[in-house]
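Single-structure report; data block below.
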Amino acid sequence: MMSRKHDVIVLGSGLAGLRAAIEAARSPEVDVAIISKVQLMRSHSVCAEGGTAAVLQPEEGDSFELHAWDTTRGADFLCDQDVVMHFVEEIPKEILLLEHWGIPWSRRPDGRVAQRSFGGHSFNRAVFAADKTGFFEMQALYDTLQKYNNVSRYDECYVTSILIKDNVFCGITAWDLTSGEFFLIQGKALVIATGGACRMFGFTTYSLTATGDGLAMAYRTGLPIKDLEFVQFHPTGLVPSGILITEAARSEGGYLLNNKGERFMEKYAPTKKEVAPRDIVSRSEITEIEEGRGFPGPDGLDYLHIDLRHLGADKINERLPMIREIAIKLNFIDPIYDPIPIRPAAHYFMGGVHTDIGGATLIEGIWAAGEAACVSLHGANRLGSNSTAECLVWGKIAGDKAVKHASKQRAFAPLPKETALQDEEARIFRRFNADAKESAYALRRELQKTMDSQVAVFRTGSELEAALNKVRELKQRLPDIQVRDRGRIYNTDLLSALEVENLLDLAEVIVTGALARTESRGAHSRRDYPQRDDTNWLMHTLAYYTPTGPRIDYIPVTITMWQPVERKY
Ligand SMILES: Cc1cc2nc3c(=O)[nH]c(=O)nc-3n(C[C@H](O)[C@H](O)[C@H](O)COP(=O)(O)OP(=O)(O)OC[C@H]3O[C@@H](n4cnc5c(N)ncnc54)[C@H](O)[C@@H]3O)c2cc1C
């Protein structure tokens, strides 16, 4: 059994993790580790397609205030407005940094960085690299990280727990999937950048690996999870795979059509139409389908169309080449000639590990950034292109704070127990047995079915109660999961069991928070409480782990500029 030591541990190598690692590595005296359950560049962030929001052209009419207002209104006023203002001021600097680090941003004819519109933004401010923005951003960060020789990589290592003593971070335990080794890394500072968990839904745009491990570990370590009931459904998940058809397909001019060929968004959001915020477009789509104006799809996945034909081949090939490729390869449809079948798909967690504006959590030495964190930027509904932007801004902030903290610590904090590593190893490898009855894959499917049908775009109290009972029943069946593979190398059987446990803990937090929140706000839309209720519910949900289920608490929203008003688009 091995124990290693690094001053700063970055858990996750997506956009937030890579950006944090670069910032930490800029201090040459500090030893940085970056750890990822997949190969570093296979992180989910490479999937980001459409763009990253930033104010770059103030002389053409955009402004920080406008970006902040769009974000706040989009968030249905549940964001912290000091956080929003800080965000809009910082992100342009990150765009320029990436430019200096060699990213091939798409350009305007005059050579300046091009920007496209995105849902809920009132200015064309999404910077992009065709429809592969995340891939190119990851590549630019990855290349930059190669400059530093004080960074150790732990690829394909699955972190199982975060160790603390007396509310101070001291290390993590991890399983090297390639060698089977189980080891401890002691650290002085940790940045949690493990992404979201929409894989608890069946119809989702997420990578298979996005199972919320870091969120679940943080929760079990005692960190509160904030606003997790707010799950974003993206209006254009390709039917039946769920692969994303980027919002850029609409911002480049694509139409959403029902089975009568009508541009139905004209009814629901007369000004913004297809580029209204995602919560509004997703609700409109489900309404069209429920009222009989959809197309029948497989396994209940009734759908609508996104039509790009009028954009023409040149524009589709220049601006949306990957979307064309996806449609051709997965659905045998060429968008130059045919509309694409789509419906809302689970896409993003607005909630996450509760942090302050500096990315700090309530445990000394732990920061969180990116989709795993909830700094309260997106509130009840994120605007498209604000997430990659958040990863860059708070990746940098968290990396910077973590490295400063680590530099001040003379020694590594003591472990909670001398046998911490052995105890965790036993918990991981000896808990499940080969003769048990349950299948982790079946449990995951049952969870996904429940979440898809009862915790979706529209929710009701009775559905949420049924979902909570089901999640609790699945949790009780967890210990009886059969893990037939007794090996340690690439044991995907065991991995799947560990992931489903994490998904179940987080599903319980989502459903408990959603049941308690008796109003409709942003992506949380209750048919039995259709109105937003600012008197009672303009507050953040905090969920604390207890062995019998989450304990819920609430904290106020920070309002510095705008009181809530009705959202009209
Ligand atoms: C298809 C798609 C397209 C999108 N397009 C856009 C867009 O155009 N613009 C935009 O702003 N947003 C977009 N988003 C959202 C955005 O891409 C994500 O929110 C963002 O990339 C998340 O980055 P992250 O760094 O927080 O986490 P991730 O990229 O999810 O990285 C998580 C990291 O944590 C690691 N990890 C997790 N668990 C463990 C564990 N147990 N042990 C070790 N490592 C672990 C993973 O290996 C990975 O390295 C899109 C999302 C999807 C699904």
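The values are calculated or read from the model by the stated rules, or taken from the named source; none is laboratory data. Being a predicted model, the structure only gives us computed values, none of them experimental. All Cβ positions, glycine included, derive from the backbone under ideal geometry; neighbour counts span all protein chains shown. Accessible surface areas use protein heavy atoms only, side chains included; no ligands, DNA or RNA. Shrake-Rupley method; radii C 1.70, N 1.55, O 1.52, S 1.80 Å.
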Of (1) away from the ligand (no atom under 16 Å from the Cβ); (2) among the basic types (K, R); (3) touching a residue at least 60 places away in the same chain (Cβ under 8 Å), R19 satisfies every one except (1)
Of the listed residues (D7, D76, D62), the one being assigned to a strand (DSSP E or B) and more than 15 Å from the ligand (Cβ to nearest atom) is D7
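Residue-by-condition table, conditions (1) within 14 Å of the ligand (Cβ to nearest atom); (2) open to solvent by 20 Å² or more (accessible area, probe 1.4 Å); (3) part of a loop (DSSP other than H, G, I, E, B); (4) without any contact (Cβ under 8 Å) to a residue 40 or more places away in the chain:
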{"site": "M41", "(1), (2), (3), (4)": "yes, yes, no, no"}
{"site": "G50", "(1), (2), (3), (4)": "yes, no, yes, no"}
{"site": "T71", "(1), (2), (3), (4)": "yes, no, no, no"}
{"site": "H86", "(1), (2), (3), (4)": "no, yes, no, no"}
Note: among V457, V511, just one is under 23 Å from Y544 (Cα atoms), buried (at least 18 other Cβ atoms within 10 Å of the Cβ) and not basic (K, R), namely V511
Turns out the strands (runs of 3 or more DSSP E) fully within the stretch 110-200 with at least 1 residues that are charged (D, E, K, R) and buried (at least 22 other Cβ atoms within 10 Å of the Cβ) are 182-192
Within the stretch 1-39, the residues that are open to solvent by 10 Å² or more (accessible area, probe 1.4 Å) and either modelled with pLDDT under 95 or of a type in the set (D, E, K, R) (or both) are M1, M2, S3, R4, K5, D7, E23, R26, E29, D31, K37
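Conditions tested, residue by residue: (1) touching a Leu at 6+ places or on another chain (Cβ under 6 Å); (2) modelled with pLDDT of 95 or more; (3) of a type outside the set (A, V, I, L, M).
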site: G261; (1), (2), (3): no, yes, yes
site: K272; (1), (2), (3): no, no, yes
site: P277; (1), (2), (3): no, no, yes
site: Y303; (1), (2), (3): no, yes, yes
site: H310; (1), (2), (3): no, yes, yes
site: A327; (1), (2), (3): no, yes, no
site: Y337; (1), (2), (3): no, yes, yes
site: A346; (1), (2), (3): no, yes, no
Flagged in the stretch 469-493 as open to solvent by 10 Å² or more (accessible area, probe 1.4 Å) and closer than 22 Å to G195 by Cβ, in numbering order, are Y490, T492
If we ask which residues in the stretch 321-343 are farther than 21 Å from S385 by Cα, open to solvent by 30 Å² or more (accessible area, probe 1.4 Å) and within 15 Å of the ligand (Cβ to nearest atom), their number turns out to be 2
(request) For the stretch 187-197, indicate whether the set of residues that are within 13 Å of the ligand (Cβ to nearest atom), farther than 25 Å from R459 by Cα, over 15 Å from the mean Cα position of the chain (by Cα) and at pLDDT 95 or above is non-empty. (result) yes
Residue set A346, A369; condition more than 8 Å from the ligand (Cβ to nearest atom), in contact with a Phe, Trp or Tyr (Cβ under 6 Å, 6 or more places away or on another chain) and either of a type outside the set (S, T, N, Q) or under 24 Å from K165 (Cβ atoms) (or both); output residue A346
Scanning the stretch 378-418 residue by residue, the ones that are within 16 Å of the ligand (Cβ to nearest atom) and more than 13 Å from the chain's Cα centre (by Cα) total 10
All conditions in (1) of a type in the set (S, T, N, Q); (2) over 24 Å from the mean Cα position of the chain (by Cα); (3) within 16 Å of the ligand (Cβ to nearest atom) are true of N317 except (3)
Just one listed residue, out of E291, E318, is acidic (D, E), farther than 30 Å from R459 by Cβ and open to solvent by 20 Å² or more (accessible area, probe 1.4 Å), and it is E318
Restricting attention to the stretch 213-244, the residues that are open to solvent by less than 10 Å² (accessible area, probe 1.4 Å), part of a loop (DSSP other than H, G, I, E, B) and near the ligand (Cβ under 8 Å from one of its atoms) number exactly 0
Residue set D80, D76; condition charged (D, E, K, R), surrounded by 21 or more Cβ atoms within 10 Å (Cβ to Cβ) and in contact with a Pro (Cβ under 9 Å, 6 or more places away or on another chain); output residue D76
* Check whether at least one residue in the stretch 88-106 is under 21 Å from V353 (Cα atoms) and either within 14 Å of the ligand (Cβ to nearest atom) or of a type outside the set (D, E) (or both), and report yes or no. => no
Verdict on V281 being within 16 Å of the ligand (Cβ to nearest atom), open to solvent by 10 Å² or more (accessible area, probe 1.4 Å) and of a type in the set (A, V, I, L, M)
no
Given (1) among the aliphatic types (A, V, I, L, M); (2) within 16 Å of the ligand (Cβ to nearest atom); (3) within 20 Å of F203 (Cβ to Cβ), L256 misses just (2)
Among S179, S161, the single one that is touching a residue at least 60 places away in the same chain (Cβ under 8 Å), small (G, A, S) and more than 10 Å from the ligand (Cβ to nearest atom) is S179
Confirm whether L304 is crowded, with 22+ Cβ neighbours inside 10 Å, more than 23 Å from L228 (Cα to Cα) and out of contact with any Cys (no Cβ under 7 Å at 6 or more places or on another chain). yes
